[in-house]
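Notes to accompany the following structure.
The values are calculated or read from the model by the stated rules, or taken from the named source; none is laboratory data. Please read these numbers as outputs of a predicted model, since none were measured by experiment. Note that each Cβ is placed from the backbone with ideal geometry, even for glycine, and that neighbours are counted across all protein chains shown. The area values use the complete protein model at the heavy-atom level, side chains included, leaving out ligands, DNA and RNA. Shrake-Rupley method; radii C 1.70, N 1.55, O 1.52, S 1.80 Å.
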Amino acid sequence: MAEPHSRQSLILATYERHDKLDQILSGMSDEELNGTFPFKGRDRNVRDVLVQLAAWQKMYLDWSKANLAGTAKRFMPKPYSWKNSGKLSRKIWQANQKTTLAEAKKAFESLYNDLMDQFEQGNNEEMFLRGFYPWTGSMSLGEFATMVASTHYAWAIKVLTQYLKATRKSKPLEQAK
């Protein structure tokens, strides 16, 4: 799927990828939902993936709502920038080790609904015309929205699919016993 370049394609891509993510999560057993990924990486389980999605959605919404209301706000908290955004993701991971899967899922879904509300309210020019809002810098608001929504959902789908492939490939032999 090509990355969105219009308000309508952003809404569609975000909806479709959210739906795909929801299908994956709904098809997972309790054991899979609570299991540990068998591969290396910052995120070690489903909760960690949902926490990252929710945290970045919240950052986007806090930033966009503040700036739309006339209050200047940075996208990422200081001292973070795009160059060291991995450190911010690591901090998010560390801060949420006591968050439950249910809490992560609830936060993700609530923020997804808030994102979709904002996308529905905007128009194509507001969302995708670079320079429409000076506080978006060299990018459009829609490009930021794409990063935290459909592109980030695609990442989550990839991670969870990789996890399920790794854990399910050994399951048929065990179940046949």
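Quick notes on this structure:
- 3J(HN,Hα) along the stretch 5-20: 10, 8, 4, 5, 6, 5, 4, 5, 5, 5, 4, 4, 6, 5, 4, 5 Hz, from the Karplus curve 6.51 cos²θ - 1.76 cosθ + 1.60 with θ = phi - 60°, whole Hz, x for Gly and Pro.
- Ranked by the mean number of other Cβ atoms within 10 Å per residue, highest first, peptides 71-83, 48-60 order as 48-60, 71-83.
- FRET efficiency, residue 12 to residue 68 (Cβ-Cβ, R0 25 Å, nearest 0.05): 0.65
- Where N is the number of residues in the stretch 14-93, Cα Rg divided by 2.2 N^0.38 Å: 1.33
- Projecting the Cα atoms of 36, 50, 26 onto the charge dipole of the stretch 18-74 (Cβ charges, centred on the Cα centre) puts 50 farthest toward the positive pole.
- Sequence ranges 85-91, 13-19, ranked by mean other-Cβ count within 10 angstrom, highest first: 13-19, 85-91
- Coupling constants for the stretch 24-38 follow from the phi torsions by the Karplus curve (6.51 cos²θ - 1.76 cosθ + 1.60, θ = phi - 60°), and in residue order they are 4, 4, 5, x, 8, 6, 4, 4, 5, 4, 9, x, 9, 4, x Hz; glycine and proline get x.
- Per residue, the accessible area of the stretch 30-89 comes to 53 Å², computed with a 1.4 Å probe over protein heavy atoms only.
- In order along the stretch 48-56, the Karplus-derived 3J(HN,Hα) couplings, from 6.51 cos²θ - 1.76 cosθ + 1.60 at θ = phi - 60°, round to 4, 5, 5, 4, 4, 4, 5, 4, 6 Hz, and Gly and Pro are given as x.
- Between helix 85-95 and the chain: long-axis angle, C-alpha atoms, 0 to 90°, nearest 10: 60
- Relative to the longest principal axis of the Cα atoms of the chain, the long axis of helix 152-168 lies at roughly 0 degrees.
- Shape analysis of the chain yields a ratio of the Cα radius of gyration to the Kirkwood radius, Rg/Rh, of 1.01.
- Relative to the longest principal axis of the Cα atoms of the chain, the long axis of helix 101-121 makes an angle of roughly 30 degrees.
- Rough spin-label spacing in nm, given labels placed 7 Å along Cα→Cβ, for residue 158 and residue 130: 2.3
- Cβ-based charge dipole, the stretch 78-177, positive-most Cα from 80, 100, 146: 100
- Accessible surface of the stretch 78-177, 1.4 Å probe, proportion on carbon and sulfur as whole %: 55
- Separation of the stretch 1-60 from the stretch 95-119 is 11 Å, based on Cα centroids.
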